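The numbers here are math on the coordinates, done by the rules we state, and not lab data. Given the structure is predicted, the values throughout are model-derived calculations rather than measurements. Please note: Cβ atoms are built from the backbone with ideal geometry, for glycine as well, and neighbour counts cover all protein chains shown.
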Amino acid sequence: MTGFQRTIATLGGLAAAAALVIAFIGSGEAGIALLAASLVLALAGMRHHFSLWPQARVDLVASLGGMALLLSRLDGDMPTASWPLLIACWLFGWLAVEKTMAARNLPKALSSVLSLAVPVFFGAWIIFAWEVLTIGLQIPTVLLPPPSMIAVRFAESTSILWADFQQTVIKAALSGYILGCGSAFMVAILIDRVPFLQRGLLPVGNFVSALPIVGIAPIMVMWFGFDWQSKAAVVVVMTFFPMLVNTVAGLQATQAMERDLLRTYASSYFQLLIKLRLPTAAPFIFNALKINSTLALIGAIVAEFFGTPIVGLGFRISTEVGRMNVDMVWAEIVVAALAGSLSYGLLSLLERQVTFWHPSNRRKTP
Amino acid sequence: MTGMVNRVAPIAVVVAAIMIIWYGFTVHLNAPWQIDRYEKAGTEWQMRDLVRDTMAQERPVLPAPHQIVAEIWKTTVKKKITSKRSLIYHGSVTLSSTLLGFAMGTILGIGLAVSIVENRAMDKSLMPWIITSQTIPILAIAPMIIVVLNAVGLSGLVPKAMISTYLSFFPVVVGMVKGLRSPDPMLMDLMRTYRSSRLQTFWKLRLPASVPFLFASMKVAIAISLVGAIVGELPTGAVAGLGARLLAGSYYGQTIQIWSALISAACMAAILVGVVGVISHLTLRRMGLRA
């Protein structure tokens, strides 16, 4: 057990002890369960000084137990003692993760489960703290609604959300994404044959991809009307240049030795392209596809601020903000976040299938 | 000299081609409205008139480049800086929130990167969420963040800067983590043979090794920070800033105004990235990393 872990444990124990003291002073309002939990957590923190049950799972159980207790007592006026208890729970959760990470020679299956479980635990913690803090501190829902309220709103208005999702993500973002990435890919392959164009277009492309392209949204709305076509146009322009620059860079990534080898096999231009250059370019292309998947969503939603039919994520966000229905806005944000994360995840998965040979995808040998 | 020509000539040709295409589109896109006008006025017109007039419309579908340049010249040099119509005034509003957001994002990014590299628990639990955070189209929900923060009484520079911060911390984290981990095992072993503490290894090896990575990501960060500032200005009721100029222009169909705001934003992005590039070059040369 390292000094750092011991520090966390001591701090956690102290926080729980503080909760215990506060609960005693303000007797009555805290309740027996809170008293008991504080006592248990304080003891759990102290046990490290006597080297008793140092396993991570003890800390995890302590943390989860405290969380469950706090959740069960969640209402407008939480007793003061719950705040130090919350801090104690957080510290014990951290301690559990810290200990697990420090452990060496874990079985392979367990360590791969852990690499998924740890971030999930962290995310759950954020949502939990969000819930407890917004309700416990009575933060106005206009400012920041608690996650439970957002979840309820999400479940209630799935049909609206689905319509918005179709309008913005499927029609505008996806069609623009396919058009933009596809055309950029074609252009990149064409440019690749003309070195002069390559030298000219690459700096320009690099320059353009650093520009605030979302700014063209009002112009596209003027040109292509209010419906999804104008949003798709914005997405096309936004996704074009990152894809172009990355594909061209990827096509240049082959080594002379590899090209020479294929030439000794008497391969034609297309064989060279398909068997060597495109596979080598794949990591670059996937990089662009991933960047573009978020850019496409941003473009489609921002373009809706400049005029839209009465459906769509951007439209809903801007109108519901005006009506102070912040829970609805957050539900839309959840949709956008899910769409963004899912597309990113799918692309990563696809990338791993396609570029399984790439060093970053190979399992590291110990 | 020939190397210079070899590098510049293709770019010049491409830019010239873009200009020619642009002028072509100007005539093509603005022609229907112009022809309509001729017919209403009953005037005889030649191709030459059409070309001339399509490039001098008040509210063209696509303004000609020289119109945009003239508008920028008019609103920067000829207007007083304090004037509400001065592009310099609007640009400085955007610039200040860009820089504040960029500074906060860089500091946040460096802090997160250091904690990720130094602590495995942080690495495992934070890193996936940092990546997820960027798949959320924050730019798209920026207006609502501004409005909500306004409701709490936070208005003006800070909310806009926060959007820029959210966008710009990500490249810095990713670059810095890579940079702090870049010293190869041999160097780390060397430090160990010197019996250096973790802190010493950090200051004397990891941090200097990460500087080139930091500057590379700062270039990305400052460009994206500008985008954040512009989008953050959209919902503030078109008060000030380049984003506000965009919005006002789109409300009143002032295409030239939109394009001039857009082009000045582009120039600003180029200058900002250039400045970071120059600072990076000077720093790296001073550190002896690059000749």
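Laid out as a table, the results:
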{"item": "Gaussian network model of chain B, springs between alpha carbon atoms under 10 Å - residue of B:Gly42, B:Gly179, B:Gly91 with greatest fluctuation", "result": "B:Gly42"}
{"item": "Test item: B:151-159 mean partner chain Cβ contacts at 10 Å", "result": "1"}
{"item": "Cβ-placed point charges (K, R +1; D, E -1), dipole of segment A:148-272 about Cα centre in debye, nearest 20", "result": "200 debye"}
{"item": "Shielding by other protein chains, A:336-344, mean Cβ within 10 Å", "result": "4"}
{"item": "Reachable aspartates and glutamates from B:Lys80, criterion Cα separation under 15 angstrom, eight or more residues apart if same chain", "result": "B:Glu71"}
{"item": "Debye, to nearest 20: dipole size of chain A, +1 on Lys, Arg Cβ, -1 on Asp, Glu Cβ", "result": "1540 debye"}
{"item": "Listed residues A:Ala88, A:Ala68, A:Ala331, most fluctuating in chain A (Gaussian network, C-alpha, under 10 Å)", "result": "A:Ala68"}
{"item": "Reachable aspartates and glutamates, given that their alpha-carbon falls under 16 Å from the alpha-carbon of B:Lys40 and they are not under 8 places away in the same chain", "result": "B:Asp49, B:Asp53"}
{"item": "Peptide-level mean, for B:121-131, of C-beta atoms on other protein chains within 10 Å", "result": "6"}
{"item": "Ratio Rg/Rh, restricted to segment B:141-283 and using Cα atoms, in which Rh is the Kirkwood radius", "result": "1.16"}
{"item": "Estimated [θ] at 222 nm from DSSP helical runs (n ≥ 4, -39500 (n - 2.57)) normalised by residues in chain A, nearest 500", "result": "-24500 deg cm²/dmol"}
{"item": "Pairs of alpha carbons in the protein assembly as shown whose separation is greater than 39 Å (percent)", "result": "42 percent"}
{"item": "Cα lying deepest toward the dipole's positive end in chain A, options A:Ser183, A:Leu95, A:Ser38, charges on Cβ", "result": "A:Ser183"}
{"item": "With at most 11 neighbouring Cβ atoms within 10 Å, loop trypsin sites (Lys or Arg not before Pro) (DSSP) excluded, longest segment of chain B", "result": "B:85-194"}
{"item": "Equivalent ellipsoid semi-axes - Cα gyration tensor, segment A:154-361, angstrom", "result": "38, 19, 12"}
{"item": "Sparse-neighbourhood loop sites, GluC sites (Glu not before Pro) in segment B:1-109 - DSSP loop, at most 15 other Cβ within 10 angstrom", "result": "B:Glu44, B:Glu58"}
{"item": "27 Å Cα-Cα reach of B:Lys178 towards lysines, excluding residues that sit fewer than 8 places from it in its own chain", "result": "A:Lys99, A:Lys108, A:Lys290, A:Lys364, B:Lys124, B:Lys204, B:Lys219"}
{"item": "Highest-MSF residue in chain B out of B:Ile258, B:Ile130, B:Ile146 [GNM, Cα springs under 10 Å]", "result": "B:Ile130"}
{"item": "Segment B:191-291: chymotrypsin sites (Phe, Trp or Tyr not before Pro) falling in loop per DSSP and having at most 14 other Cβ within 10 Å", "result": "B:Tyr194, B:Tyr252"}
